[in-house]
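Notes for the one structure printed next.
Just so you know, all these numbers are worked out from the coordinates, no wet-lab data involved. Because the structure is a prediction, the values reported are computed rather than measured. So basically every Cβ, Gly included, is an ideal-geometry build from the backbone, and we count neighbours across all protein chains shown.
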Amino acid sequence: MTPAAEATKQLINYRVESGVTVIEMSDPPANAYTYEMNLQMDAAILKARMDNEVYVIVLTGSGDKFFSAGANIGMLNNAEATFKYYFCLQANEMLLRLENTPKLVIAAINGHCVGGGLEIAMAADLRIARKDAGKMGLPEVNLGVLPGTGGTQRLSRIVGKSKAIELMVTASTFTFDKGKELGIVNDIFERENFMSSVMEYARQFCPPNKAAKAVGRIKRAVQSGWEIPLESGLALEREVQQILFQSDDAKEGISSYIDKRPATFTAK
């Protein structure tokens, strides 16, 4: 495909259902990402972040065989080293935006999730996999490179340094069950009605079920606090708690507890 055709093709599908935004990578068969797909995904992430009626973001891939196979190798093969560097930089910035968005992000892993696909999934807050739908791993060493879209950093934070190094230098690909055992996958849902189940799961974090602002601030406190000294993390925790104390949802949550009734949250 020519650069002009790539620039006009819709590579990201975006929809909102009952407070949940679904951002779907759509470049079959493998949903491998390119510079243009990253641009479209970044725009979708920003759109969801700024929409006050969106409380949860779900990332997934089109079809039922691949979440994403990672970066488009054909594109990289024909690119100069400078482009490859800036391509990784662009992808890193996009995933940092996703990670820092104060809304819960769920990766619905509906198929194979390898290389850059797993790097995208690891930038989500929670990862739900479809039973027996594929494998995951970071096998970039087989191409003579490393997982350069946050893979070395995020995987080591999830599974520990030694295990992360082992998985990457051996180019291991493994089942979703193994991914759950390692702590990469939070849960595995049945193959049938997978996305419906994920959407039902996501809606529990939306009002009136949950105080969505509190969910988002929990994410912010953990994501930002993880990288700073404990004392600074505690200060951040106090800061976001003070914001929440002033919210309508905090008043509702506390009064409903005292009144012994279910809370009805409004995300205000």
**OP:** Order these peptides, 125-133, 107-115, by their mean beta-carbon neighbour count within 10 angstrom, highest first.
**Re:** 107-115, 125-133
Original post:
Rounded to the nearest 5, what % of the DSSP beta bridges within segment 3-203 are antiparallel ones?
Top reply: 30
Original post:
If you build a Gaussian network model of the chain, linking Cα atoms that sit under 10 Å apart, which residue out of A79, A124, A250 swings the most?
Top reply: A79
Original post:
Is the chain best put as rounded, prolate or oblate by its Cα gyration tensor, with a ≥ b ≥ c the root eigenvalues, rounded for a/c under 1.5, and otherwise prolate when a/b is larger than b/c, oblate when not?
Top reply: prolate
Original post:
So what's the back-of-envelope 222 nm ellipticity for the chain, counting only DSSP H runs of four-plus at -39500 (n - 2.57) apiece and dividing by all residues, rounded to 500?
Top reply: -15000 deg cm²/dmol
**OP:** Kindly point out which whole DSSP H helices in the chain project their C-alpha atoms 15 angstrom or further along the helix axis while averaging a Kyte-Doolittle hydropathy of -0.5 or above.
**Re:** 35-50, 81-100, 212-225, 230-245
Subject >> Cβ-defined net charge surrounding M199, 13 Å radius [Lys, Arg +1; Asp, Glu -1] >> reply: -1
Subject >> Protection-proxy order for peptides 254-265, 30-41, 208-219, each taking the mean of Cβ atoms within 10 Å per residue, highest first >> reply: 30-41, 208-219, 254-265
Subject >> Kirkwood Rh, angstrom, segment 109-268 [1 / mean 1/r, Cα pairs] >> reply: 17.9
**OP:** Collect residues whose amide H, placed 1.01 Å from N in the peptide plane, falls under 5 Å from the amide H of K135; neighbours closer than 5 in sequence don't count.
**Re:** H112, C113
**OP:** With a cut-off of at most 14 other beta carbons within 10 Å, and DSSP calling the residue loop, which GluC sites (Glu not before Pro) in segment 135-233 qualify? Please list them.
**Re:** E190, E192, E227
**OP:** Lys and Arg at +1, Asp and Glu at -1: add these up for the other residues within a Cβ distance under 14 Å of I184 and post the number.
**Re:** +1
Original post:
With a sphere of radius 12 Å drawn around the Cβ of T60, what net charge do the other residues whose Cβ falls strictly inside it have (Lys, Arg +1; Asp, Glu -1)?
Top reply: +1
Subject >> Chain lengthening between A79 and Q223 when straightened (0.36 nm per residue, less Cα-Cα) >> reply: 48.5 nm
